[in-house]
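Quick one: structure below, then a few questions.
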Amino acid sequence: MATPPDPAQLEAEKDLLRELEHAPVGKRFFGYLKFIGPGYMQSAMTLGSGTAASSLFAGAVFGYDLLWVAPLGMLLGILVMGVVSHQTLSTGQRMLPAMSTHAGKWVAFGFAMAAMLASIVWHFAQYNLAASVLVDATETIGIGGVPPIAGSAVVLVWAIMLSMSYGKSPRLVRVYEGVLKYTVWGIVLLLGWVVLQTDTDWGGIASGFVPNIPEESNGINPIEVIVATIAAAVGINMLLLYPYSLQARGWGREHRGLAKFDLFAGMLIPYVLASALMVIAAANTLHASGVEVGKGAAIPTLARVLGDVIGPVSGRLLFDFGMLAMALTTITLHMVCCGFVAMEWFGLPFGSKKQRLCMLLPIPGALAPVLFSAYPLWLSMPTTIISGAMMPIAYVGFLILQRKKAYMGADRPTGLRGIATTGILVVSMLVLLTGLTFYLIKKLS
């Protein structure tokens, strides 16, 4: 948003989209592919420690049984984001001011603060994972004795330097995000290769997409994994930043069809593919070999997902750098989210000292290796669930906006379409609340 798109280029894009709106399905499909963007970046950014942890534990502990969870979580997520994109692109209004005006100041304030708090809470898990894999990587190449807090400090310095570059050096940020994106997808391709090189029960995979809840194993409650997986698919901070990412590209009414396609092709498909491959690879290696993976599972144990097929050294290093890339993308997003909320809600000038200081709010998470060293990856599960518990405030805000004629005007869905869009928000909220309720009951029993 600090570097707006070229007006002439944007107008040419809108003209093409108007043509594609009435074009045959095939031509429209390939035409939309040229503009795929916000959904794809959201998909790349959501592949953090939460997705890695829930997928690896699901496969290592329960085999193929929980393959159905990630697609359900992301499907609900993109349906909600589809509603949000329709609101934003139809009205052209910035989300937080619009929610404050039409849904109530306290609803908007709760949404903004929940997104900031979730970013802070989630930060601990990202640093715990990043520090653990850095230490493991140094040990793999023969440098032992590096304390986890040292790895965390390295990540912290790098994250601060990079987050301060947002808005100042767009090219540097694009290069950095591109490197991380291709690193993550490189790991996904390697996981696909692992699946092809190991004994894969394709019938078992097919049945794994049928909802079922297995028995508790290795001290891990499947409900906890299910709730964490659904919460990891779309976080509240992503939900807050998404409408702004649409506006940052200059998207408007002409982009409404493209936005829905972008969520399907750029977010749902890549995320489901990546998470499913992680689950299957973990099931084919760790679960199939009888390795007991519990809450305190060490990184070298989990690295066997790639190590058993690629090699004990090269596979372990690739696993470490893939997990590091996932953590770094999310760490950056969290810091940017906190700075953005401060700028948008409190009216702080972009680039001001106060606004940039707010970007540093999540940095206590760098202490995670000192506080939670016994759970290098498992920490992602409870922090993801805590952050997911904040999502209902966002659903309530968007639900009110969806029904407000003063906000939506003639674009407010009515009839069956209105019932369907309202139902999407209500069902998504109920699924999450039901999962959280069962999780709490299990915890307290």
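Taken together, the values in this text are just the output of simple stated rules run on the coordinates, not laboratory data. Note that this is a predicted model, so its numbers are computed, not measured. Heads up, the Cβs are rebuilt from the backbone with ideal geometry, glycines too, and the neighbour counts pull from every protein chain shown.
What value in Å³ per residue do you get for the convex hull of the alpha-carbon atoms in the range 69-128?
109
Report the longest stretch of the chain that contains none of the GluC sites (Glu not before Pro) sitting in a DSSP loop with at most 16 other Cβ atoms within 10 Å.
On the way: sites that count: E21, E215, E216, E292.
Result for the longest clean stretch: 22-214.
Obtain the nm distance between the two label points defined at E11 and W106 by a simple spin-label model: each point lies 7 Å from its Cα along the Cα-to-C-beta direction.
4.7
Can I ask one more? Residues with beta-carbon under 14 Å from that of I223, excluding I223: net charge, scoring Lys, Arg +1 and Asp, Glu -1?
Numbers: positive: K442, K443; negative: D65, E215, E216, E224.
Net of charged neighbours comes to -2.
From zero outward in steps of 10 Å, how is the percent of C-alpha pairs of the range 204-252 spread across the bins?
20, 31, 22, 19, 9, 0
Here's a follow-up. At a Förster distance of 51 Å, what's the computed FRET efficiency of V431 paired with I143, Cβ-Cβ distance as r, to 0.05? Mind dumping the intermediate values first?
On the way: r = 46 Å, r/R0 = 0.90.
Efficiency, rounded to the nearest 0.05: 0.65.
Where the centroid of each part is defined by its Cα atoms, how far is the range 74-111 from the range 355-396 in Å?
Result: 23 Å between the Cα centres.
Taking the chain as a Gaussian network, Cα atoms linked when under 10 Å apart, which of A327, A206, A265 shows the biggest mean-square fluctuation?
The residue with the greatest mean-square fluctuation here is A206.
Is it possible to state the helix-based mean residue ellipticity at 222 nm for the chain, with each DSSP H run of 4+ residues giving -39500 (n - 2.57), the sum divided by total residues, to the nearest 500 deg cm²/dmol? What is it?
Numbers: 23 runs with 321 residues, N = 445.
Result for the chain: -23000 deg cm²/dmol, rounded to the nearest 500.
Name the shape class, rounded, prolate or oblate, that the alpha-carbon gyration tensor gives for the range 328-445, where a ≥ b ≥ c are the square roots of its eigenvalues, rounded holds for a/c under 1.5, and otherwise prolate holds if a/b is larger than b/c and oblate otherwise. Please list the in-between numbers first.
Values: a/c = 3.42, a/b = 1.25, b/c = 2.74.
Taking the square roots of the gyration eigenvalues as a ≥ b ≥ c, the range 328-445 is oblate.
Alpha carbon centre of the range 234-270 versus the range 310-332: separation in Å?
27
A follow-up question, please. Using a Gaussian network model of the chain with C-alpha springs under 10 Å, which one of F111, F209, F346 is most mobile by mean-square fluctuation?
Comparing F111, F209, F346 in a Gaussian network model of the chain, the most mobile one is F346.
May I ask which of K295/K442; K105/K405; K260/K353 have a Cα-Cα span longer than 28 Å here? Mind dumping the intermediate values first?
On the way: K295/K442 17 Å; K105/K405 18 Å; K260/K353 37 Å.
With Cα atoms farther than 28 Å apart: K260/K353.
Can you compute 3J(HN,Hα) from phi for each residue in the range 397-404, using the Karplus curve 6.51 cos²θ - 1.76 cosθ + 1.60 with θ = phi - 60°, rounded to whole Hz and x for Gly and Pro?
x, 5, 5, 5, 4, 5, 9, 8
Also, quick follow-up: Using a Gaussian network for the chain with springs between C-alpha atoms less than 10 Å apart, which of these wobbles most: A108, A137, A150?
The residue with the greatest mean-square fluctuation here is A150.
Next up: Just to confirm the number: angle between the C-alpha axis of helix 49-62 and the first principal axis of the chain, 0 to 90 degrees, nearest 10?
50
In nm, to one decimal, how far is the modelled label at A153 from the one at R171, with both set 7 Å along Cα→Cβ?
3.4
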